[in-house]
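This report refers to the structure that appears directly beneath it.
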Amino acid sequence: MLRLLLALLIGLALLPTQSMAGPPGRRLLEATARAGLRAQVLEPALAAHRRAVERRFTTSPLLTVIDYSLPSRVRRLWVLDLRTERVLAREYVAHGRNSGEDLARHFSNRAGSLQSSLGLFLTGRVYQGKHGPSLRLLGLDPRLNGRAAARAIVIHGANYVSARTIAALGRLGRSQGCPALDRAVAGRIIELIRDGTALYAYHPSAGRESSLASR
């Protein structure tokens, strides 16, 4: 069933294998440290990506990481290229309105919760939604985010995600559960990570036994 959903979402009948296994190189560790991505967040994100490659969910070296343990007023989304060991982007990202105010504390996979979900996702196709270009997400960790597609959890731009909002409120605005981005960068990030790349959303409260990060 999951393989069928992947094919429908991305339009690929079969994903070829590609080896990206092994520990992170020193260049990647140095680059992510300079960009503020902590080792305790990077480690499970890389583990989840490695298992997704092994299971042929993705062949892309791109990995997006969201650290929901950081406050929303901090740039807490990174796009990594694991092949070149570079940080391609670091941006603001919102969490769900029922997850918390500046700090996200509550997460859910339940429809109507208005909370963010954790774990590993696969990006899908871009469509034009009410927020403009939006990127579909498929949850690969059934207990943590398996209802993401049904909940319409997508990446999109939003006016409430900006440095101006932080200056006015002391935090970002909040979404209905989507990882919303600043409109000024949303189109570029969506085009960069669309069509079958991995996204890992971290918080230390996540049930690791349910995640590809710990299998």
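The numbers here are math on the coordinates, done by the rules we state, and not lab data. No experiment lies behind these values; they were computed from the predicted model shown. When we count neighbours, we look across all protein chains shown, and the Cβ atoms used for this are built from the backbone with ideal geometry, even at glycine.
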Any idea how far apart R147 and A163 come out in nm if each label point goes 7 Å out from Cα toward Cβ?
3.9 nm
Count neighbours as other Cβ atoms within 10 Å of each site's Cβ, and list the trypsin sites (Lys or Arg not before Pro) in the stretch 125-170 that are DSSP loop with at most 12 such neighbours.
K130
Gained length - A184 relative to S214, 0.36 nm times residue gap less alpha-carbon distance:
7.3 nm
Note, S108: beta-carbon cut-off 10 Å, +1 each Lys/Arg, -1 each Asp/Glu, net +3
Shape call for the stretch 100-142 from the C-alpha gyration tensor, a ≥ b ≥ c root eigenvalues: rounded (a/c under 1.5), prolate (a/b greater than b/c) or oblate?
oblate
Can you list residues from other chains, or at least 5 along the same chain, whose modelled amide H is less than 5 Å from the amide H of T197?
T123
Among G100, S60, Y200, the residue whose Cα sits farthest towards the positive end of the charge dipole of the stretch 2-214, when +1 is placed on the Cβ of each Lys and Arg and -1 on the Cβ of each Asp and Glu, is G100
Other residues with Cβ under 12 Å from the Cβ of I66 give, with Lys and Arg +1 and Asp and Glu -1, a net charge of +1
Cα-based shape type of the chain, given that a ≥ b ≥ c are square roots of the gyration tensor eigenvalues and the cut on a/c is 1.5
rounded
List, in order, the whole-Hz ³J(HN,Hα) value for each residue of the stretch 166-178 obtained from phi through the Karplus relation with A = 6.51, B = -1.76, C = 1.60 and θ = phi - 60°; use x for Gly and Pro.
4, 5, 7, 10, x, 6, 6, x, 10, 9, 8, x, 7
Dipole magnitude of the stretch 2-214, debye to nearest 20 (Cβ charges: Lys/Arg +1, Asp/Glu -1, about Cα centre):
220 debye
Taking only Cα atoms of the stretch 13-123, radius of gyration then Dmax in Å:
14.9, 42
When ranked by the protection proxy of mean other Cβ atoms within 10 Å per residue, highest first, what sequence do the peptides 114-121, 165-172, 92-99 form?
114-121, 92-99, 165-172
For a test of the definition: using alpha carbon positions, the gyration tensor, and the 1.5 limit on a/c, classify the stretch 70-170 as rounded, prolate or oblate.
rounded
To check you understand DSSP bridge types, tell me what percent of the beta bridges within the chain (both residues inside) are antiparallel, rounded to 5.
75 percent
Ranked output for segments 49-56, 81-88 by mean other Cβ atoms within 10 Å, highest leading, reads 49-56, 81-88
Once phi for every residue in the stretch 101-106 is put through the Karplus expression 6.51 cos²θ - 1.76 cosθ + 1.60 (θ = phi - 60°), the whole-Hz ³J(HN,Hα) values, with Gly and Pro written as x, are 8, 6, 9, 7, 10, 10
